[in-house]
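Rule-based calculations on the coordinates, nothing more; no lab input. All figures in this text were calculated on a predicted structure; none of them were measured in a lab. Glycine also receives a Cβ, built like all others from the backbone with ideal geometry; neighbour counts cover every protein chain displayed.
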Amino acid sequence: MPLSPSAHVDTFPRDSLPPAELWPRLEFTTPQLQFPERLNAASELVDAAVAAYGPDRPALRTDTGEVWSYGELQRRTNQVAQVLVEDLGLVPGNRVLLRSPNNPWLVAAWLGVLKAGGVAVATMSALRAREIAPVVARCRPAFALVDSRYTADVEQVRDSEAPELVVVPVGGDGDTDLLARCATKSGEFTAVDTAADDVALFGPTSGSTGVPKITTHFHRDVLAIDATFGREVLRLRSDDVVACTAPLGFTFGLGMLVAFPLRAGACTFLVEAATPPRLADLVQEHGVTVLATAPTGYRQVLKAGKVGQLRGLRAAVSAGEHIPRAVWEEYERELGLRIIDGIGATEMLHIFISAAGDEIRPGSTGRPVPGYRATVLGPEGEELPPGVEGRLAVIGPTGCRYLDDERQRSYVVDGWNVTGDTFSRDEDGYFHYHARTDDMIVSSGYNIGAPEVEAAIDTHPDVLESGVVGEPDPERGSIVCAFVVLRDGVVADAAKAREIQDHVKQLLAPYKYPRDVRFCPSLPRNTSGKLQHYVLRRIVEDEEATSLASSS
C-alpha cells in the first residue's frame, strides 16, 4: 500500500526504507488493526490513557519506592518533548539515541521522542563503545539522551566518529542535565501529527555477522503488537502490576513494560538490575501480578528455591528462547501457573506465535496470534505439510523493513518473514520449535552473534584466530564457547582463558563473553579458507551426547 504523507522534516527514516518490492506482505485482518491514517503512538499510549483512566492511577513503580501516576508520566513526557524541540532544536524525523537501564525517565524519554515526531533508537546500557558505534553510524542520531552513569561510551563514540551528536545526560548534576531542563518546562505539548506509517523507532538487532541490522517500525506497529499479542493473548487488566527483565532496548521489553500496560491502564514495575532470585523476592514484596522473563530466569528461580515467591502471579510470559517442558510443568505443578510461551522477533516487533490458558499445549510454542498467520517453508520456498521440519515464516500487521540493508532480501521471501528458526506444525496448527537455522547463539534469552565475539577475541594480542559456537547448557540453553589459537610461545592455561574472557567483557556487553575457552593448535577450514563452524559445533555436540550417555 502507498505510504501516507509524512510529518517528518528530516526524511532520512523513509528514504532509508527498503524498496517496496522487498517488503513483506502486511495484513490487517481484525477490527483492532484498523488504524487511522494519522497517528502518534506516544499520544495514544499516554494521552489516551489519562483520558480513559484518569491522571491519578499509578503508571510506573520502582523497587526503590518511586511512583509516577499517569498524569505525572504525561507531564514528564511532554517536558522531554519540549526540551527536544525548544532547547535542542529537534525536527520531526530526527533520531534520538536512548541509553539507560529500565527506569521511569527512560520511559518518559522514549515517549517524549515519539511525541515530538522523532525516531527513538533505544540501546542497552550494557553495550560498549565498540557496539554502539555501528548503531550510531547506521542510524545517524542527532541527539542522545543518556543516563548520567553511562555516558562515557557514547561520548567516546561521539568524540571519535560522530562529532555532531549532542549528548544530554539524564539524572546527573548541572543545568544541561535532562531533568534540570525538564524542570523549567510547562509540561504542555501537543503531539506532532505523524502518519500512522511514519517511522517511530529503529530497533538494532543482534546481527550474526557482527554488523547490526536496524529494524524500522511505524507508529501503528507499536499499537499493533498490543492489538494482537497484548489484547488477544496477554490480556492485561487495569489492576495488574507488570514486571519484565528485558531492557527497553529489546522490543520484547518495550511491549511488556510500555505498550501493553499503558494501553490497559495497568502499572509497570521497573527494576534496573536484579538476579532472578532477587526478582522473585521483589515480585512478592511489590505485588507483581504479571511477570515476563527468559526461560533461564524461571529455571534460576526454581534452583534457588524461590518459586513460592511467585505465588501472587496470575500470568507469566516466557520468550527469548523455547522454555523446556520440564520447567513449564514444574511451575504448573507448584503454582498452577501455565506460563505463556511465545516466539517473536525484533523484525516483527513482538510475539506472533503463542498461546495462553487452556489453549496451551505443553511442549509447543503455540499457534499464530490473531492478526498473524504462519507456515513452515521447505528449501525451495514451498509450504511444508504438518509434521515436517522447515523454516518458520510469518505474515501479519508488522514485518521486516531493515534500514538500507541487503539482508532484507534473505529475511523476506515471497512476502513471508522468514525468521531463521526451524519449526514444524501439527495437524491442529500448533507450532513446535526445533533449532536456529543460522549461527546465532541464544543464551539466557539473548541473541549473540558468533562473528562479533570472534572479532573481539581476535583483538587480544596473544590470539592468532578464534572460532565461536554455542555450547548446550542446562541453565542458559546455550553458552558461548570459543576455540582459540594462541601465538607461538604463549602458555594455554586457565589464567590465559580468564584474561581473554576479561578482554571480551571490556569490548562487548558482558553477557557475550565466552564462558568456555578451549585452546587448540588450529581451526578447521575448507579449501577456500572459510572457517567451518559446523565442525566446531559437532565437537561440542558430540561431547554433550557422550556426557548424557555416561550419566544415564
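Side notes on the structure shown:
- Two-decimal Rg/Rh across the range 389-492, once Rg and the Kirkwood Rh are taken from alpha-carbon atoms: 1.10
- Looking at the range 422-496, the GluC sites (Glu not before Pro) that sit in a DSSP loop and have at most 16 other Cβ atoms within 10 Å of their own Cβ are GLU427, GLU475.
- Rg(Cα)/(2.2 N^0.38 Å) for the range 177-247, N = residue count: 1.54
- Computed from the Cβ-Cβ distance with R0 of 22 Å, the FRET efficiency linking ASP404 to ALA152 stands at 0.15.
- Full extension of the chain between LEU22 and GLU465 gives 155.8 nm of extra length, using 0.36 nm per residue less the Cα-Cα distance.
- Relative contact order, whole percent, for the range 440-551 stands at 25, derived from Cα pairs under 8 Å and 6 or more residues apart.
- Largest-first principal axis extents, alpha carbons of the range 83-169, Å: 30, 26, 19
- Computed over the range 273-390, the range of Cα coordinates on each principal axis works out to 52, 28, 23 Å, biggest value leading.
- Working note: Karplus 6.51/-1.76/1.60 with θ = phi - 60° gives the range 279-292 the couplings 4, 4, 4, 5, 4, 5, 5, 10, x, 5, 10, 9, 10, 10 Hz, where Gly and Pro are set to x.
- Estimated vicinal HN-Hα couplings, Hz - the range 83-90 in sequence order (Karplus 6.51, -1.76, 1.60; Gly, Pro = x): 4, 4, 7, 7, 8, 9, x, 4
- A Förster distance of 41 Å, applied to the separation of the beta-carbon atoms of VAL413 and THR64, puts the FRET efficiency at 0.30.
- GluC sites (Glu not before Pro) restricted to the range 106-193 and DSSP loop, no more than 15 other C-beta within 10 Å: GLU164, GLU188
- Stretch gain in nm, segment GLU383-ALA492, where the contour uses 0.36 nm per residue and the Cα spacing is subtracted: 34.3 nm
- The count of lysine pairs in the chain that are at least 8 places apart or cross chains, and whose C-alpha atoms lie under 30 Å apart, stands at 14.
- Semi-axes of the equivalent ellipsoid of the chain are 35, 28, 25 Å, computed as sqrt(5λ) over the eigenvalues of the C-alpha gyration tensor in descending order.
- Summarising the amide proton neighbourhood of ASP421: residues at separation of 5 or more, or on other chains, whose placed amide H is nearer than 5 Å comprise LEU392, THR437.
- Across the chain, the mean sequence separation of Cα contacts (distance under 8 Å, 6 or more residues apart), normalised by length, yields a relative contact order of 14 percent.
- Coupling constants for the range 146-161 follow from the phi torsions by the Karplus curve (6.51 cos²θ - 1.76 cosθ + 1.60, θ = phi - 60°), and in residue order they are 10, 3, 4, 7, 10, 7, 4, 5, 5, 5, 4, 5, 4, 5, 9, 9 Hz; glycine and proline get x.
- Our note on the geometry: Cα centres of the range 5-49 and the range 169-190, 29 Å apart.
- The loop-placed trypsin sites (Lys or Arg not before Pro) in the range 288-375, going by DSSP, that have at most 14 neighbouring Cβ atoms within 10 Å of their Cβ come out as ARG311, ARG314.
- Spatially, the range 209-254 and the range 360-379 are offset by 19 Å when compared through their Cα centroids.
- Put simply, the C-alpha atoms of the range 440-551 give a gyration tensor, and the ellipsoid matching it has half-axes of 21, 17, 15 Å, longest first.
- With the biggest extent put first, the Cα atoms of the range 1-132 measure 50, 44, 29 Å across the principal axes.
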